[in-house]
């Protein structure tokens, strides 16, 4: 206990890298984090979700703490950040993915802003997306623009620096049950307690998005349960004070609910007491309506079809997530420490480029 108190007292920032099978990216991610932490002092932690490639082996070359999820069946987006948080000591905690690179200059400015604004629980910077040609990026870019703009925001997608004090008040960093929406969940829990979130007009990280073909990516997200995240979140906040913030902020919930109603109407048409030809005609017209609307809006059959198919996948995921049983969100996550303790990185002591 005394060692933990000592570490906490002299550790300013913990940077948690959450990763699964990131052997191609992990070295660059770690080196960028060590360089960034060297500006302010702190530690770097790899929270590995039981990788089966060389991620941990490569990470072991660096002076960082490495912790690994004990049970690979528990893998999900919400487990990694909380796992890293369990093993962190920093007064502030930054969360990032294993396929990101942290940029120098952000942490000093973020810490200065937090010192001047005690009402702010977390602060992010600009997420520089390097793969802006994928259909996934083009379809989501405009929707994400609001909370990626500088100023007060309703969430910190893409990572952020949080006060440990605020996280502890909110109960935990990330919900171990969520396969997506974990950053939004943290945001609404903090905001429901009166905390604010902010984004600076400063580059914080770079990211190279998915290169998978769009429909292959949808299938992967279904198999990994990523598509279930919103339903899991809705089950988590049912009856809680932050539910109003979720309903207001998750605008896509309206689309997925409309899709479910659309499916119900289509099934209802098949049961109409009308001649088969009439039922088929109405069914075809209703089935084609969303595609025709999106074709008019996007002026591209390919993009219109992807939008409608994506909505259907996510609507099904919403139902699947709502039906999934929950574990205690603040429960201890079973893990093993692979490398500990690393040398504490002192400010301006050494840079890793």
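The values are calculated or read from the model by the stated rules, or taken from the named source; none is laboratory data. Predicted, not measured: the structure shown is a model, and the values here were computed from it. All Cβ positions, glycine included, derive from the backbone under ideal geometry; neighbour counts span all protein chains shown.
Things worth noting here:
- The range 201-216: number of residues that are surrounded by fewer than 20 Cβ atoms within 10 Å (Cβ to Cβ) and out of contact with any helix residue (DSSP H, G or I) (no Cβ under 6 Å at 6 or more places or on another chain): 10
- Only one of the numbered conditions (1) farther than 23 Å from residue 100 by Cα; (2) buried (at least 22 other Cβ atoms within 10 Å of the Cβ) is not met by residue 182, and that is (1).
- One residue alone among 23, 57 is assigned to a loop (DSSP other than H, G, I, E, B) and surrounded by fewer than 21 Cβ atoms within 10 Å (Cβ to Cβ), and that residue is 23.
- Residues within the range 211-239 that are free of Cβ contacts under 8 Å to residues at least 40 places away in the same chain and either assigned to a helix (DSSP H, G or I) or under 16 Å from residue 174 (Cβ atoms) (or both), tallied: 4
- Boolean, residue 67 is in the same structural domain as residue 49 (by TED's automatic domain parsing), over 22 Å from residue 204 (Cα atoms) and touching a helix residue (DSSP H, G or I) at 6+ places or on another chain (Cβ under 8 Å): yes
- Restricted to the range 70-98, and to residues there that are in a strand (DSSP E or B) and within 18 Å of the chain's Cα centre (by Cα), the residue that is surrounded by the fewest Cβ atoms within 10 Å (Cβ to Cβ) is 97.
- Qualifying residue in the range 103-120 (condition: modelled with pLDDT of 95 or more, more than 30 Å from residue 56 (Cβ to Cβ) and in a strand (DSSP E or B)): yes
- In this structure, residue 11 does not satisfy being at pLDDT below 95 and crowded, with 23+ Cβ neighbours inside 10 Å.
- Which numbered condition residue 234 fails, given (1) out of contact with any helix residue (DSSP H, G or I) (no Cβ under 8 Å at 6 or more places or on another chain); (2) modelled with pLDDT of 95 or more: (1)
- Qualifying residues in the range 26-49 (those that are within 18 Å of the chain's Cα centre (by Cα) and outside any helix (DSSP H, G or I)) - the one surrounded by the fewest Cβ atoms within 10 Å (Cβ to Cβ): 49
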